[in-house]
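See below for the structure under consideration.
A short reminder: the numbers here are calculations on the coordinates, not readings from a lab. Just so it is clear, the structure is predicted and the values come from calculations on it, not from any experiment. All Cβ positions, even for glycine, are placed from backbone atoms using ideal geometry, and neighbour counts span all protein chains on display.
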Amino acid sequence: MGSRGTGWTDERTGEVRRVGFVFLSSLDRGAKARASGVAPPKSARVRSFVRFDPGGVTLTCFLFLRLQVKQFYFCVANADFMLNDENNEHFPEILRERRRFYKEKAKPQDFWMVPNPAFLDAMPDVKAKVRQPCVAVVTTDKVWNDFVKLRMDRVYKGGVEGATCDILKSNAPIDPDSFAKPANWTAPYAKYAAGWWSVFEPNGDF
């Protein structure tokens with residue numbers, strides 16, 4: 001039995017990823033017993049395995065992706081409050097200005113809008129406090145997360161560890177046309193177009 005591995009950096013997330021290979025030979029006495037102990041770490045994802053038989057020796061190759069666990073911070077609230085409430089019309093402008101600054105400085109994205117975040121499934125107590133559907137502002141910057149809490153006020157602030165692909169996973173998108181239009185718009189500027197938040201989603205055009 002043998003193993004190999006390599007790694008690279010994801011340019012989009014800055015996350016270090018590693019690929020591991022485990023080879024098991026049918027001629028390796030006790031291979032099955034040891035194979036049961038060859039489990040990828042909790043942060044790994046098994047991508048595939050293949051068996052082949054060169055010269056009568058059966059080999060099994062497992063391919064797994066080892067994902068780096070990172071610390072994230074979030075502010076989560078009801079989607080209508082976060083995305084459509086008249087009192088929060090300043091928030092889209094804050095996000096747009098931050099995006100513009102990141103582009104000017106060529107900084108990698110470190111904040112996202114995640115509709116109905118999947119990581120809340122592991123936090124039933126928190127999820128029960130937030131009216132559904134919901135949206136989370138997720139970031140790796142704790143200071144900026146504190147700023148979001150101060151500006152938005154009525155949001156739940158917390159932290160979570162995990163692989164980027166897991167933390168930024170959404171259970172369902174937010175329909176831009178699902179919000180009722182206000183009968184009387186009193187803000188001193190025009191309302192942002194529905195769906196303004198899509199550019200800040202994990203697969204958005206940041």
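Quick notes
- Pairing each residue of the stretch 99-121 that is charged (D, E, K, R) with any residue that is surrounded by fewer than 20 Cβ atoms within 10 Å (Cβ to Cβ) and part of a loop (DSSP other than H, G, I, E, B), provided the two are 6+ apart or on different chains, yields C-beta distances under 7 Å for Arg99/Phe206; Asp110/Thr140; Asp110/Asp141.
- Answer residue from the stretch 117-133, given it is more than 16 Å from Phe81 (Cβ to Cβ) and of a type in the set (D, E, K, R) and is nearest to the chain's Cα centre (by Cα) among those: Asp121
- In the stretch 152-190, the residue that is surrounded by the most Cβ atoms within 10 Å (Cβ to Cβ) out of those that are charged (D, E, K, R) and touching a residue at least 40 places away in the same chain (Cβ under 8 Å) is Asp166.
- Scanning the stretch 82-103 for residues that are in a helix (DSSP H, G or I) and under 13 Å from Arg151 (Cβ atoms) yields Met82, Asn87, Asn88, His90, Phe91, Pro92, Glu93, Ile94, Leu95, Glu97, Arg98.
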